[in-house]
1. For the condition in contact with a Cys (Cβ under 7 Å, 6 or more places away or on another chain) and either at pLDDT below 95 or at negative phi (or both), what is the one hit in ALA144, ALA153?
2. Say whether the condition of being without any contact (Cβ under 8 Å) to a residue 24 or more places away in the chain and farther than 18 Å from VAL33 by Cα is met by at least one residue in region 81-104.
3. Under the condition of being within 24 Å of the chain's Cα centre (by Cα) and over 14 Å from ALA154 (Cβ atoms), which residue from region 169-195 is surrounded by the fewest Cβ atoms within 10 Å (Cβ to Cβ)?
4. Hey, can you tell me all the residues within region 158-168 that are assigned to a helix (DSSP H, G or I) and open to solvent by less than 50 Å² (accessible area, probe 1.4 Å)?
5. If I go through region 89-102 residue by residue, how many of them are closer than 21 Å to ILE73 by Cα and assigned to a helix (DSSP H, G or I)?
6. Does ARG31 qualify as being under 30 Å from ARG145 (Cβ atoms) and either modelled with pLDDT of 90 or more or under 18 Å from the mean Cα position of the chain (by Cα) (or both)?
7. Could you tell me how many of the residues in region 73-92 are among the aromatic types (Phe, Trp, Tyr) and in contact with a Cys (Cβ under 7 Å, 6 or more places away or on another chain)?
8. What's the number of the condition GLY138 fails, among (1) open to solvent by less than 20 Å² (accessible area, probe 1.4 Å); (2) on the phi > 0 side of the Ramachandran plot; (3) of a type outside the set (D, E, K, R)?
Amino acid sequence: RREGRPVQLDELPKGLIGLLSSRIDQLEEGRDVAHAAAVLGRVFKLSFVRQSCEFEEGRLKRAIENMQRLEIIEPCHGDSPFDYQFVHQLLQEAAYLSCPRDVRERLHHQVVTLIEERFPALIGRHPGYFASHLRRSGDHARAARYFELAARAALKLSANRTALDMADAGLACLQHLTAQEERHISLLTVRGQAA
């Protein structure tokens, strides 16, 4: 209405995620940029989006401007190390879910490759973040290993709830694999310590 378009109530999508997804669908050309940003999380660095998907600079700039115009993202303020954030967590989730599964897996794989090649220090500082990208890229064996590392790191900080969540995520990864008894026992040990 604000932009002078008529509202067809019977054409509106059903449910909240449907409504939010329709906002993502309005992006047309920049929809893949929104998908790449959503894979990174609610907050993201523009350079990370650029490097992980190798978008052309002008196209990326137009997509970001369009996403801001549609109030999908906003600049981060203050001392945040990130450039932009989704206006709401549900918008990030809608952008993530509107991305086809094979594209999501490919994007997660590209993020994993980027972290390994250009930001290896990030792996040691945030193994849980790295593990979640591994799991979503389909590399369950490595994901379980990094979830275990994240659980052990959380235990050292007495963050038992986080350690429990990381161990559970690692155990969930093992359900997709065979012959991982040692990792299974190790994750159960960490889970027991956290509990």
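1. Details: ALA153 fails: in contact with a Cys (Cβ under 7 Å, 6 or more places away or on another chain).
Going through ALA144, ALA153 in turn, the sole match is ALA144.
2. There is no residue in region 81-104 that is without any contact (Cβ under 8 Å) to a residue 24 or more places away in the chain and farther than 18 Å from VAL33 by Cα.
3. Kept after step one, since they are within 24 Å of the chain's Cα centre (by Cα), are these residues of region 169-195: 169-177, 187.
The next check asks that each one be over 14 Å from ALA154 (Cβ atoms); those that pass are 171-177.
Details: LEU171: 18, ALA172: 15, CYS173: 25, LEU174: 18, GLN175: 10, HIS176: 13, LEU177: 13.
Among those residues, the one meeting the criterion is GLN175.
4. Of everything in region 158-168, those that are assigned to a helix (DSSP H, G or I) and open to solvent by less than 50 Å² (accessible area, probe 1.4 Å) turn out to be ALA163, LEU164, MET166, ALA167.
5. Matching residues across region 89-102 total 9.
6. Working: under 30 Å from ARG145 (Cβ atoms): no; either modelled with pLDDT of 90 or more or under 18 Å from the mean Cα position of the chain (by Cα) (or both): yes.
No.
7. Taking region 73-92 as the starting set, the residues that turn out to be among the aromatic types (Phe, Trp, Tyr) are 82, 84, 86.
If we keep only those that are in contact with a Cys (Cβ under 7 Å, 6 or more places away or on another chain) as well, we get 82, 84.
Residues that pass the stated criteria total 2.
8. Condition (1) is where GLY138 drops out.
The values are calculated or read from the model by the stated rules, or taken from the named source; none is laboratory data. All values derive from a computational prediction rather than experimental measurement. Because the Cβ atoms are built from the backbone with ideal geometry, glycine has one as well, and the counts that use them run over all protein chains shown. What goes into the accessible areas is simple: the full protein's heavy atoms, side chains included, and nothing from ligands, DNA or RNA. Shrake-Rupley method; radii C 1.70, N 1.55, O 1.52, S 1.80 Å.
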